[in-house]
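This report refers to the structure that appears directly beneath it.
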Amino acid sequence: LGPAHWQSMGSGCFKPSGASEPLLAGNTDVGNPEIASQLAPLLKNIGRPGRCSAAELDAALAALAGSPTDGHEATVEWLRLWLNRPAPPKARQGLVALLQRILARCLEPRAAAAQEALKAKDSGEGADGVEFGQLASQCEDALRLGESQRHGVQAACSVMSEAARSSTAPSVSDHVVPALDKIILLFQRAFVGQRAGSAAKQLQQLRELEAETGLPRVQEHLGLLSGSAKSLLLAMMLVPEDATPTTVVLPRNGSLNDLKEQLPETHATILLPYFEAAAGTKMVQGRRVEGGEGHGLRKEFFTTMSADALRKWGLISAAPAVGVTGVIFRGGRVKLLPPEAPGPMPPALQLLLSAKPGDRVRFVFTDGQEVERVATSMMAAPDTGSFLVLDKALEDKLSPENLLRCELQNPSLPLFQFHRGTGQHWFSAHASELGTANQRQQDLTGRYFALGKLLVLAIANHCKLTFTLPELFFRFLVKRNSTPELDDLKGFDNVLHASMRKCLKMKPGQFKQLKEVESLPEAMTREDYVTDTVKDILTPLGMEEVRRGFWSLANPDVLRDVSPLDLRQVLCPTVQVSEDMGIRQIFRVVFEDDTSECQPLVEAFWSVLDGLNKAEKKRFLMFVTGIETPPEPGTEQLTVQLPFSAFTKDEHISMLGMLPQAHTCTNTLELPNYYEALQESGRFPTQGEGKASKALAAELKRLLKEKLGLAISETEGYELDATGGAENCVTTPSSSRPAPGPIGAPPWAPNPGLQQSGSIGISGTGGRSSAETESGSESQSASIASLNIPTLKSPAGDAEAESQFSSRSLQSLASPQITGRQHGQAKMDVDTLLESLEETPGSAKPVSDPPSRVFGSEARQKQGGSQDVDKLLQDLDAALTTVT
């Protein structure tokens, strides 16, 4: 191909007919002419990539594969030389478009065949997840390339990656190869559900699959993948092979400051987060924690840290207030009276007495109403007691008799705040107040630094923030040495941009007055003023700390092909919950065999789910996935199972009182088989198999709506399945709001309180539901939040069906007592345990019952005899150890 041939080739597909543009613009020598001649089937079609026939695409692929002796390396080097020459932009675009078509023709059929192979063998991975090796073995044959195709595909990907790295195009999607995306997303379930420490193993398995099938080494071509596929590979590539998981323990309302000494120092790792809970049955780093583990907790961990980054008020303490005495509302004052009878002070009264000026008091009432007021002072009452003075008067209709809970919050400094110019979040005004002069500055500095680390860890752990940052944030994050310019304000804050441009045109006298008003140096020029203003807004001290934290863990080589827009897609929510959002459009929903065969239950399930409003959809997402924000459509699976067994009529009636559970690690929803339970209860006439009468279908829909609604509304914490690995992240009903940790009282310490009539108290220590409380005596679950759970009765008048709870419910249902600032610590009730040991074995009540998934009579029997004594001895030993 000589100069005359190059001049004769045009890019007519990009211009009106008749126009022509030389591809090399006068360059007479590109490289080895033999390679150029060999690439003729490719080069002659650069000007018409959209009109190439299948035969022409095959010929171009063969040309890319190179000769048997030289291989494809020589053709790749020649095309790299060509890309680095001053070729016309349209010629580069033509080459990229042609290579995309070549790759699509070769890889699309294989990606489709692999997807069909997985679908044919897929029955849903359930709560145990799925291994990469299992998926790879199922689709390996479908993905296998021929020998000549392997070299051609690898050459095409290498040239495409070079074009992507040298491109100045604003859109990163110009070089994305959809077929490669589809192949990577085939294994998403395995990548996201990875166990701690398995990242290096999966990366090695991926490399083995690439070598066996001839697929390109996609980890070397990240620029050809979209953000969704790219994030899956980044999570493995950012974690070194010998990296051990990092254990993190913090309160549910924890702060980024709680992580200062817990996060890794030099590289990303898989996180093992645990939330502190006084009623927890597991000990980690010497602290009692909730029992769950795995990806579900990781998602909730990043949700908690996102909340701290935006938090304006931090929780000091909280306390139950049902039936509280000594609290009187008087307009803008709350009168606090000491208890009339000797004994411990009610937690809510103790909390209100600890309020300081500037704290915010939050009253939660039984009807769901919430009222927030700022405390301005505490003053003594003329007669007795004290007055808590509020910034605004309370409404007359509010009564202390209807109080459910009180919370005390102190002002917090948000790291980010809503930015009206972008409709997203940006640095708060506190981002320039960093330093080491005082504790406030040190805390802010530490929080921004920790957030920078968490951005890398979020990628490595397949998690996201819960708020959105603009692309500009990630541009300055990635380009460490970049300096913001005035034009960077365009699209970010157009009003400020216009104002700064006017400032540059100020007359000397006007600018002098401005300097006097703002106490600026006399020598400062207008250009200096604009530069400093833009820098303070776009790259404040907070950005420097975020950068420092981010690059302390991030590997620059791994992130070479990752754009700011990619990072934003990987780390920030991309889909917002709306009224018309369909669960089926977001998730790939898989019903396991037993569920799919129960058609009436499936129909009722979809009827209930499709009828959820926006707020209920958020709660459903939180219940099943651990976060409120939905994933990108089609990227995650939701599995529905029927794992619970019942054999007798009584057991089926008991199942009618159960609530759904969820494994947030694998997005798995576990439903009791309400359809079978209703059939076996004897309340409805028997129909044909797989058929339901209208009355049965209506009751099934009503029951499922009621139980699922209660489950998604009353969720927090983990517990019953907390005995294994990531597969044991289970969520079940509990308090609808995060409960703060209690003070030093152990889980068994009794607390004064009222048990609502007809409610079910959930014991935080053992996971047992108890509906009985002796009249006039304190219940063991009196200090635990109560749920009014309606149950169905059999037509024969059987006792109310027993409701079962597990995991999430148990932790947060523990009574929220005072934490942080307080007037005293709750006393350990060791004496009560000693008295219990003196009871006869037959009368001793077990501290906890083992959970069971089979609700037969044997599973419900109480443990007795020596087992009860042994359990009490263990609790006594723990109590004495804690006191010591």
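To the nearest 0.05, what FRET efficiency results for PHE418 and SER166 with a Förster distance of 41 Å applied to their C-beta separation?
Efficiency for this residue pair is about 0.65.
Which of the listed residues, VAL324, ALA279, LEU351, is farthest toward the dipole's positive end in the range 270-369, when Lys, Arg count +1 and Asp, Glu count -1 at the beta-carbon?
With unit charges placed on the Cβ atoms, the residue in question is LEU351.
Leaving out ligands, DNA and RNA but keeping every protein chain, what accessible area does TYR529 have, in Å² rounded to the nearest 10, with a 1.4 Å probe?
It works out to around 30 Å².
Can you give me the % of accessible surface on the range 539-618 that is carbon or sulfur? Probe 1.4 Å, all protein chains present, nothing else counted.
Reported share for carbon and sulfur atoms: 44 percent.
Which whole number of Å³ per residue matches the convex hull of the alpha-carbon atoms in the range 433-521?
For the range 433-521, the hull spanned by Cα atoms encloses 168 Å³ per residue.
Using Cα positions and a limit of under 20 Å, work out the lysines in reach of LYS618, with same-chain residues fewer than 8 apart set aside.
Partners within reach: LYS299, LYS464, LYS705, LYS707.
GluC sites (Glu not before Pro), restricted to the range 507-610: which are DSSP loop and have at most 14 other Cβ atoms within 10 Å?
In loop regions of the range 507-610 (DSSP not H, G, I, E or B), the sparsely surrounded GluC sites (Glu not before Pro) are GLU518, GLU522, GLU579, GLU597.
Shape call for the range 543-618 from the C-alpha gyration tensor, a ≥ b ≥ c root eigenvalues: rounded (a/c under 1.5), prolate (a/b greater than b/c) or oblate?
prolate
Can you give the Rg to Rh ratio of the range 187-239, both from alpha-carbon atoms, with Rh computed by the Kirkwood formula?
0.94
In Å², and per residue, what accessible area does the range 346-497 have when probed at 1.4 Å with the other protein chains present?
Using a 1.4 Å probe on heavy atoms only, each residue of the range 346-497 averages 43 Å².
Taking the alpha-carbon distance from LYS502 and a cut-off under 18 Å, which lysines remain once sequence neighbours fewer than 8 residues away in the same chain are dropped?
The qualifying lysines are LYS490, LYS512, LYS515, LYS535.
Taking 8 Å as the Cα distance limit and 6 or more residues as the minimum spacing, I'd like the relative contact order of the range 267-352 as a percentage.
That works out to 18 percent.
Cα atoms only, the range 249-357: Rg and Dmax in Å?
Rg and Dmax of the range 249-357, Cα atoms, are 18.8, 59 Å.
The values are calculated or read from the model by the stated rules, or taken from the named source; none is laboratory data. It should be emphasised that the depicted structure is a prediction, and the values quoted were computed from it without experimental measurement. Because the Cβ atoms are built from the backbone with ideal geometry, glycine has one as well, and the counts that use them run over all protein chains shown. All accessible areas refer to the heavy atoms of the entire protein, side chains included, with ligands and DNA or RNA removed. Shrake-Rupley method; radii C 1.70, N 1.55, O 1.52, S 1.80 Å.
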